[in-house]
Number of protein chains: 2
Amino acid sequence: MEPLFELALRIPPRGSRNLLRSLYAQLRDAIVDGRLRAGQRMPSTRALASLYGLSRNTAIAAYDSLSGEGYLETRHGSGTYVVARVPRLAQRKPNSAHGTFDARLNPLWRDLQLPSQERRAAVAPAVSFPVGVPDTRLFPFEVWHRLLTRAQRLLSRSPVESRDSHGSLALREAIARHASLTRALACRPDDIIVTAGAQQAFDLLARILITPHRTVVATEDPGYGRLRGVLRAAGARIVPVPVDSEGLVVDRLPRQARVICVTPSHQFPLGTVMSMNRRTALLERARAHGAVIIEDDYDCEFRFGATPLDALQTLDRLEHVFYVGTFSKSLFPGIRLGFVVAPAWARAAVAAAKRYADGSCPDLMQETLASFITEGHLARHVRKMRQVYAERRSALLEGLHTQLSRWLEPIPAAAGLHVTALCKPSADGRTLLQRAQGCGVELSPLECCYLGESRKAGFVLGYGATETSAIITGLSMLHRAWKR
Amino acid sequence: MEPLFELALRIPPRGSRNLLRSLYAQLRDAIVDGRLRAGQRMPSTRALASLYGLSRNTAIAAYDSLSGEGYLETRHGSGTYVVARVPRLAQRKPNSAHGTFDARLNPLWRDLQLPSQERRAAVAPAVSFPVGVPDTRLFPFEVWHRLLTRAQRLLSRSPVESRDSHGSLALREAIARHASLTRALACRPDDIIVTAGAQQAFDLLARILITPHRTVVATEDPGYGRLRGVLRAAGARIVPVPVDSEGLVVDRLPRQARVICVTPSHQFPLGTVMSMNRRTALLERARAHGAVIIEDDYDCEFRFGATPLDALQTLDRLEHVFYVGTFSKSLFPGIRLGFVVAPAWARAAVAAAKRYADGSCPDLMQETLASFITEGHLARHVRKMRQVYAERRSALLEGLHTQLSRWLEPIPAAAGLHVTALCKPSADGRTLLQRAQGCGVELSPLECCYLGESRKAGFVLGYGATETSAIITGLSMLHRAWKR
C-alpha cells in the first residue's frame, strides 16, 4: 500500500463540491500514468479516508467511480486492485505543433495558406482605412434591441420546433420584398436561402458547384481574397481574369470556366461598374457554355449617384445567376446573416448544403432581422448612412485630389464603402507603404488583391469606419510623410 | 413614336414613392423583352409625360436611369433611342426544376440524397417521441433574456472590431472551465473552436480530414444519419462498423480507416457505453494506424447513474481525438452553438475552415452563452433537467416493461434523452410501425440509423420533449393498437 503515500494528492478542503471529482481525477491520472501500477492492490477505502483526511463515503464514491470507469476492480474478499490492462498512453505532445500541418489533413487544407491570425502592428496606427467595414457606432442599436427583446419573448413562448434549412419564412419574405424593391431582383421567398453572412453563401455555392480538381472557376483579378480561399478549399481550378474600366473582360474568360464570380455593381476592389455590354456578353457566355455566375452584391446599398443599377440576376432569364447579398455592411458584421437567391434547379442542393453545414442560422437573429426590415428600419438606416458615407467619400476624394495627387490617382466609383487609388507611374508603392506605416497610417495595398502576374500598385481606402476628421488627418499625415 | 402607346404602362398614382422605380422597370422590361425595339426612337420626355400623366421631371429621371444602365442613348439634337445592342434574353424558365439535379452540380452533391424537406404526416400525431430534442419549455428564458440584454448593451457600446474565427475568448474560457469540470477534458481556451452547433463541427472536421474519394472513414452502425451526410458530401469512403454491448467493435475497424467517428459516452442510437477495454483498444488502434477519432459527446450532460464517465479525449495523450460538444441539448437547438476541442496539430486548420465557412458565430449569441455558463446557469439548468428527464425515462422504461414487453425489449442505458427498444423476435417491426401510425403515435424506426446490411428492428424513443403524461398515454395507445 505504500506507493499511495507517495502520491501527492492535492485534497480540496472538506465540503468542497469538487472534492470527489478531484480525488477521482488524481487517482485516475496516477493509474493512467503508471504511478499506480497495473494489478497493484489499493488501500481500503477506510485506509484511504484516514490517510488523506477524507470521509469514508468520499473514498467509497471515488473507488466506485474508478471501478465504473474500468480503472479499478474489486475482488471479493480480497480488496480493490488496479486493473490488469490500463490505458498506458504516452504523454500529451507539447503544443509546439501550433499552426503546422500534418499528413492527416486533406491536402487542400494542408496547402491552403492560412489567413494570418492577427497581423497586429507593433504600434496601433493613428489612422486606418479598414476596407469593407461599416460604421457600427451609428447603428440604431436601441431599435435593434427592442426588436430583439420582442423576438426573444415570442421565441421563448413558442420555440421553433422544426427548423427550415432555407431560413425563417418571415425573414425570407422580408428579404424578397426588400430585394425586389431596392435591387429589382426577380425573387420570391422560395428562391432564397438564408446564410451565415456572404461568406457562408460562397462556401455553400463552392461546395455544390465545384468538383474538386476539375471545375474551372473564373474570378476577377484583382478580386476578393476570402472568396478565392473558399474556392481553393473546395478544390477549384481558379483562373484569374482581368478587369478593365467596363468590369470583367468577358473575352478573356477561359473556355472551360464553369463558374464565374463577379462583382458587377461595384467591382471589388477597383470600384468600377460592369457595363451593360459586358453584362449582356457575360450572360450570353454563361448560356453558351453552360456556366453559372456568382454575383456578389456586397455593398450595393451605398450608391451616391442617381443611377439605379440593376443586378445581373434581374437580367438573367435562364437561371444562370446565383445572387449573394449580405447584411454585414448595411447593418453590422457581427449579425452574421446574408442570403443567396438561387436558380430553381440548384435550390434543393443549396438548402441541403446549408443543412449539412450547420442546420440553420440562429432563430433569434433571423426573427429580429425580419422585423427590422419589415418595419422599415433597414431602409431608414441605409438612407442615413448613405449621407454619412457620401460625406466621408467626398472628404477622401477631395483630400486625395488636393494633398496626394502627386502620388495617387483615384479610380472613379459611385458606390460602396471604399475608394481605390492607383499609384502614379512616378511613385513607388512600396516606399509609400513603408512611409505610411512609419507615420502611423495603416493602408491596404492593392497588390494583395491580385492573383495573376499583372498587378497594379495602389491602395484600397475604406471610409466606412473612418470618420471625416480622421480621413482629413490621415491624408495630411501621408502628405507630410510622402513629400520628404 | 406610336409603339409606346401600345405599352400598357401601369402608372402608380402621382406622388407615389415607387413611381419612378415603376416607370423605369416597365420601360426596361419592354426594352429587354423587345417590345421596344433596338434602335427605336423614344418619345421626348415632354411627350412621355403628357401621354402618361407624369411630371416632366419624372420622365427625365426615368430616361436618365435607363441611359445610365445602358438601355437608352441620347443622340445630341436628335432625341433618345433604344440602344442598338440590348440584352435579348429568353424568358425565365418555369420553376418545374425544383429539387431536381443538374449536371452543373458537383457529383458529390448531385448524388447526395437530400433529406426529405418536411415529411409531415397527413394527420398530426397525438403523441410523438422526437429524438434528440430537449424540452425548451423548461428553459429559463427570463435569465437568458436578461443576459442577452446585457450582452447586447455591451456590444452596442463596443462592437467587436476584429472577429476571431476560434470564437469569443470569453466563451472559450467558459467552455474550457465547464468541460474540464464536467467531462474532465484536458483543454484550455486555445484548444477550442466555437462552431454553429455540433453539425458545423462535423462539417469542418470532415473538410479538413477527408480527401475526397480517398479517405476511409469508419462510422458506428447504427449511427447518426446527419453525420454520415456530412461525411459523404466531403467525399468520404464510409465503412460502417458494428456496435455491440461494449460499443464500437474495434477489431472490425478496416485497416485503412483514417477517421473513426464514435459516440463512446452514449452510443447513438443504441445508448450503450463504450467499455474501458474498447476505449483503450481504440486509442491504441488510432496510434498504430495514424488515424484520428471524432468523439461526438452529444448528450453527455444527462446521466442518471452515479458513475462519472470520462471522455475519450481525457484519455488521449497522443492527440488523436477531436472532441465535439453541443449546447443544442443542454440549452435549446435554436442557439446554434457547439464546439470542437482539437489537437494542437489540427487547430489552425479547423480555425481556417471555420473562417472560410462563415467567419464566426454571431457575437451576441456567443457572449450571452459565455455569461450563462460563467454565472452557473448552465450547471443549474442541467441539474434541473436531469431530474425531469430521469422521471420521464423511468416512466418510459416502466411503460415499456408493463405494457409493451410482448413486443419490445429496451436496451439498458444510463444517459441521454432517448431509449432504444429492439423488437422481440416474434414481433414484426413494420406491422408495429404501421399500427402505431394508425393509432396516432409517431415512432422513429431504428432501421433508418443503419448503413450496413445487418439491421436490427426496433424504435428510438426520445423523451426529451415528451412529457411524462404523454409518454404514459402514448404507450397505452401502442398497447391497444398492437395487441389486436
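The values are calculated or read from the model by the stated rules, or taken from the named source; none is laboratory data. All of these numbers come straight from a predicted model, not from anything done at the bench. Using ideal geometry, Cβ is built from the backbone for each residue, glycine included, and neighbour counts are taken over all protein chains shown. Keep in mind that these areas ignore ligands, DNA and RNA; they rest on the heavy atoms of the full protein, side chains included. Shrake-Rupley method; radii C 1.70, N 1.55, O 1.52, S 1.80 Å.
For the structure I just gave you, tell me whether A:Glu220 is acidic (Asp, Glu), touching a residue at least 12 places away in the same chain (Cβ under 8 Å) and in contact with a helix residue (DSSP H, G or I) (Cβ under 8 Å, 6 or more places away or on another chain).
So A:Glu220 fails the test.
Output the residues belonging to segment A:455-464 that are in a loop (DSSP other than H, G, I, E, B) and buried (at least 20 other Cβ atoms within 10 Å of the Cβ).
Result: A:Tyr463, A:Gly464.
What number of residues within segment A:394-413 are open to solvent by less than 40 Å² (accessible area, probe 1.4 Å) and of a type outside the set (Phe, Trp, Tyr)?
Summing the residues that are open to solvent by less than 40 Å² (accessible area, probe 1.4 Å) and of a type outside the set (Phe, Trp, Tyr) in segment A:394-413 gives 9.
So the check is Cβ under 9 Å with 6+ separation or different chains; which pairs have a first residue in segment A:225-240 that's β-branched (Val, Ile, Thr) and a second one that's assigned to a loop (DSSP other than H, G, I, E, B) and crowded, with 21+ Cβ neighbours inside 10 Å?
Sorted first by the residue in segment A:225-240, then by its partner, the pairs are A:Val230/A:Ala236.
So for segment B:308-323 (the condition being surrounded by fewer than 23 Cβ atoms within 10 Å (Cβ to Cβ), free of Cβ contacts under 8 Å to residues at least 24 places away in the same chain, over 23 Å from the mean Cα position of the chain (by Cα) and at the interface with another protein chain (Cβ under 7 Å from one of its Cβ atoms)), does at least one residue qualify?
Yes, the conditions are met somewhere in segment B:308-323.
For segment B:175-227, which positions are more than 10 Å from chain A (Cβ to nearest Cβ), assigned to a helix (DSSP H, G or I) and open to solvent by 10 Å² or more (accessible area, probe 1.4 Å)?
Listed by number, the residues that qualify are B:Arg177, B:His178, B:Arg183, B:Pro189, B:Gly225.
Scanning segment B:331-346 for residues that are open to solvent by less than 10 Å² (accessible area, probe 1.4 Å) and more than 7 Å from chain A (Cβ to nearest Cβ), which turns out nearest to A:Gly325 (Cα to Cα)?
That would be B:Leu337.
Being touching a Lys or Arg at 6+ places or on another chain (Cβ under 7 Å) and either at positive phi or surrounded by 15 or more Cβ atoms within 10 Å (Cβ to Cβ) (or both) is the filter here; which residues of segment A:32-46 pass it?
A:Gly34, A:Thr45 - these are the residues of segment A:32-46 that are touching a Lys or Arg at 6+ places or on another chain (Cβ under 7 Å) and either at positive phi or surrounded by 15 or more Cβ atoms within 10 Å (Cβ to Cβ) (or both).
Tell me the residue from A:Ser96, A:Ser116 that is open to solvent by 40 Å² or more (accessible area, probe 1.4 Å), part of a helix (DSSP H, G or I) and at pLDDT below 75, please.
Sole residue among the options that is open to solvent by 40 Å² or more (accessible area, probe 1.4 Å), part of a helix (DSSP H, G or I) and at pLDDT below 75: A:Ser96.
Could you grab me the full set of residues in segment A:424-448 that are open to solvent by 80 Å² or more (accessible area, probe 1.4 Å) and assigned to a helix (DSSP H, G or I)?
A:Arg430, A:Gln434, A:Gln437, A:Cys448 - these are the residues of segment A:424-448 that are open to solvent by 80 Å² or more (accessible area, probe 1.4 Å) and assigned to a helix (DSSP H, G or I).
Pairs, please: C-beta under 7 Å, at least 6 apart or cross-chain, first residue over 14 Å from B:Pro333 (Cβ atoms) and in segment A:151-170, second part of a loop (DSSP other than H, G, I, E, B) and modelled with pLDDT of 90 or more?
Hits for this filter: A:Gly167/A:Ser360; A:Gly167/A:Cys361.
In the set A:Pro269, A:Pro240, A:Pro264, which member is open to solvent by less than 10 Å² (accessible area, probe 1.4 Å), closer than 20 Å to A:Ala457 by Cα and not β-branched (Val, Ile, Thr)?
A:Pro269
Name every residue in segment B:54-93 that is at pLDDT below 80 and facing another protein chain (nearest Cβ under 7 Å), in order of residue number.
Across segment B:54-93, the qualifying residues are B:Ser65, B:Gly68, B:Glu69, B:Gly70, B:Arg85, B:Pro87, B:Leu89, B:Ala90, B:Gln91, B:Arg92, B:Lys93.
Residue-wise test of (1) under 21 Å from B:Leu446 (Cβ atoms); (2) without any contact (Cβ under 8 Å) to a residue 24 or more places away in the chain; (3) not aromatic (Phe, Trp, Tyr).
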residue	(1), (2), (3)
B:Lys384	no, no, yes
B:Leu396	yes, no, yes
B:Leu400	yes, no, yes
B:Arg406	yes, no, yes
B:Pro410	yes, yes, yes
B:His418	yes, no, yes
B:Pro425	yes, yes, yes
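From the list A:Thr263, A:Thr280, pick out the single residue that is away from chain B (no Cβ under 12 Å), among the β-branched types (Val, Ile, Thr) and either in contact (Cβ under 8 Å) with a residue 12 or more places away in the chain or in contact with a helix residue (DSSP H, G or I) (Cβ under 6 Å, 6 or more places away or on another chain) (or both).
A:Thr263
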